[in-house]
Amino acid sequence: MSTVRKICVVVASRANYGRVKYLMKAVQQRPDLELQLIVSASTLLYRFGRAVDVIKADGFKPNRSLFYILEGENLVTQAKSTGAGISELATAFDDLQPDIVVSVADRFETMATAIAATYMNVPLAHIQGGEISGNIDDRVRHAITKLADLHFPSSEQSRERVIRMGEDAAYVFNVGCPSVDVLVNQDLRIDNEIMASYGGTGVGIDWTKPYVLLVQHPVTTSYGQGFAQINESLAAAVEIGLPTVVLWPNIDAGTDDVAKGIRVFRERNPTLPFHFFRNFSPEDYGRVLANAACLIGNSSSFIREGAFLGVPAVIVGDRQMGREHGRNVTFAPYEQAAIAEAGRRQIAAKRYDSDPIFGRGDAGPRMAEILASIELPAIKRMTY
């Protein structure tokens, strides 16, 4: 590697960006590292909030913008988009010649990044490996662990799992999740003036009063059931009775079903206190999380950032099945009555103590230090 290491961060979704922003900032601030940024997939698409606009507004300049999402958001297009991503990313890596590629978590875009980097002989650093959850994410996450050279799991349990999977402990570092960095580096107070620029649709919301945040993504392993699943959660939110903020689902196979459920609900209930948004910046999403009376849905942010903030959360369905979590989380099946009852209990709980199982907010600089100094072997070996 050269004296100044080129660290290529691939951001492929709005969630990706929130989880690597402070790593990117830390890389930029080091004279011995050069940040290369690839933005791709749903990050570039308007209907998923064009997170690339937020990224640029934060002062980051993408080296490459890669469009490779096939229209349809079904199982076939998800597989084909993965293949298209491998092709596009291979060309980008060939052009940029990075020393290390950084990828996040467990999505199909992450799989494309891992495969392209591996076949290009570029060392791969993987964030959030070793976790357990439902959906296809589990398989993808563990497959990427076996492709990665350097591991940044977000909890001690996850670090131990990665090592038990045969990875060399010398290259496995629990520095916490960089998404927590966003929370500790800003004022989390919320008001109507701060949030006015987002617009959205639906009945206006007063951010200074209690509200529910509903974020529910499709579950690939129960493809075709998203419409019914989101209807149960929306009906439960109506029953709970608080104003509800609904964030658009991610781009996984089945998102059209979930989005259809949201649109039909919105059109049939124009006077209910629901407001719908495509995207927030990482900081403003942190504000929305921190000030909610309750979180309902299946977003991993309810578990990860939610634990640190102590915000009561109801995790619906099996997308996060088995995932390590803090005291703030309770679970409910896809049933209106069960979700509503769990939501009322959590609202009554008000707040939980902060639980630092996913870090204390200093992950970005610690990762950057390791990326700058570590020497990676040319050949990766199993440890058992």
Original post:
Could you give the angle, 0 to 90 degrees to the nearest 10, between helix 14-28's Cα long axis and the longest principal axis of the Cα atoms of the chain?
Top reply: 40
**OP:** Ratio to report: Rg/Rh of the stretch 1-101, with Cα atoms as the point set and Rh obtained by the Kirkwood method; give two decimals.
**Re:** 0.99
Original post:
Probe 1.4 Å, all protein chains in place: accessible area of residue 207 in Å², nearest 10?
Top reply: 10
Original post:
Tell me, what % of the accessible area of the stretch 173-214 is carbon and sulfur with a 1.4 angstrom probe?
Top reply: 51
**OP:** Would you mind checking the tilt of helix 336-349 against the longest principal axis of the Cα atoms of the chain, expressed as 0 to 90 degrees and rounded to 10?
**Re:** 80
**OP:** Just read off the accessible area of residue 152 with the full protein assembly in place, 1.4 Å probe, to the nearest 10 Å².
**Re:** 0
**OP:** May I ask which residue of 192, 180, 117 lies farthest towards the positive end of the charge dipole of the chain, with charges of +1 (Lys, Arg) and -1 (Asp, Glu) on Cβ and the Cα centre as origin?
**Re:** 192
Original post:
So what does residue 73 come to for accessible area, using a 1.4 Å probe and Å² rounded to 10?
Top reply: 10
Subject >> On Cα atoms only, tilt of 255-268 relative to the major axis of the chain in degrees >> reply: 20
Subject >> Using distinct alpha-carbon pairs, which all enter the 1/r mean, Kirkwood radius of the chain in Å >> reply: 20.9
**OP:** Could you tell me which of 320, 299, 288 has its Cα farthest along the dipole of the stretch 235-384 towards the positive end, charges placed at Cβ (Lys, Arg +1; Asp, Glu -1), taken about the Cα centre?
**Re:** 288
Original post:
Rank 75, 37, 376 by accessible area, highest first, at a 1.4 Å probe radius?
Top reply: 75, 376, 37
Subject >> Residue-normalised accessible area of the chain, given per residue in Å² at a 1.4 Å probe >> reply: 39
Subject >> Karplus-derived 3J(HN,Hα), 6.51/-1.76/1.60, for each residue of the stretch 133-145, Hz, glycine and proline x >> reply: 7, x, 6, 6, 4, 4, 4, 5, 4, 6, 5, 5, 4
Original post:
Rounded to a whole number, what % of the accessible area of the stretch 1-142 do carbon and sulfur atoms account for, probe 1.4 Å?
Top reply: 52
Original post:
How large is the charge dipole for the chain, taken about the Cα centre, if only the Cβ atoms of Lys, Arg (+1) and Asp, Glu (-1) carry charge, to the nearest 20 debye?
Top reply: 200
Original post:
So what is the calculated 222 nm ellipticity per residue for the chain, using -39500 (n - 2.57) for each DSSP H run with n of 4 or more, over all residues, to the nearest 500 deg cm²/dmol?
Top reply: -13000 deg cm²/dmol
Subject >> Spatial separation of Cα centroids for the stretch 37-92 and the stretch 347-384, in angstrom >> reply: 25
Subject >> DSSP bridge pairs, the stretch 147-281: antiparallel proportion in percent, nearest 5 >> reply: 20
Original post:
Stretch residue 194-residue 271 to full length: gain in nm at 0.36 nm per residue minus the Cα-Cα span?
Top reply: 25.3 nm
**OP:** Return the single residue from 267, 239, 156 with maximal mean-square fluctuation; model: Gaussian network over the chain, springs between Cα atoms under 10 Å.
**Re:** 267
Original post:
Got the relative contact order for the chain handy, in percent, Cα pairs under 8 Å and 6 or more residues apart?
Top reply: 18
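The values are calculated or read from the model by the stated rules, or taken from the named source; none is laboratory data. Here the structure is a predicted model, which means the values were calculated and not measured. Counting neighbours? That spans all protein chains shown, and the Cβs are built from the backbone with ideal geometry, glycine included. In case anyone asks, the SASA skips ligands and DNA or RNA and just uses the protein heavy atoms, side chains included. Shrake-Rupley method; radii C 1.70, N 1.55, O 1.52, S 1.80 Å.
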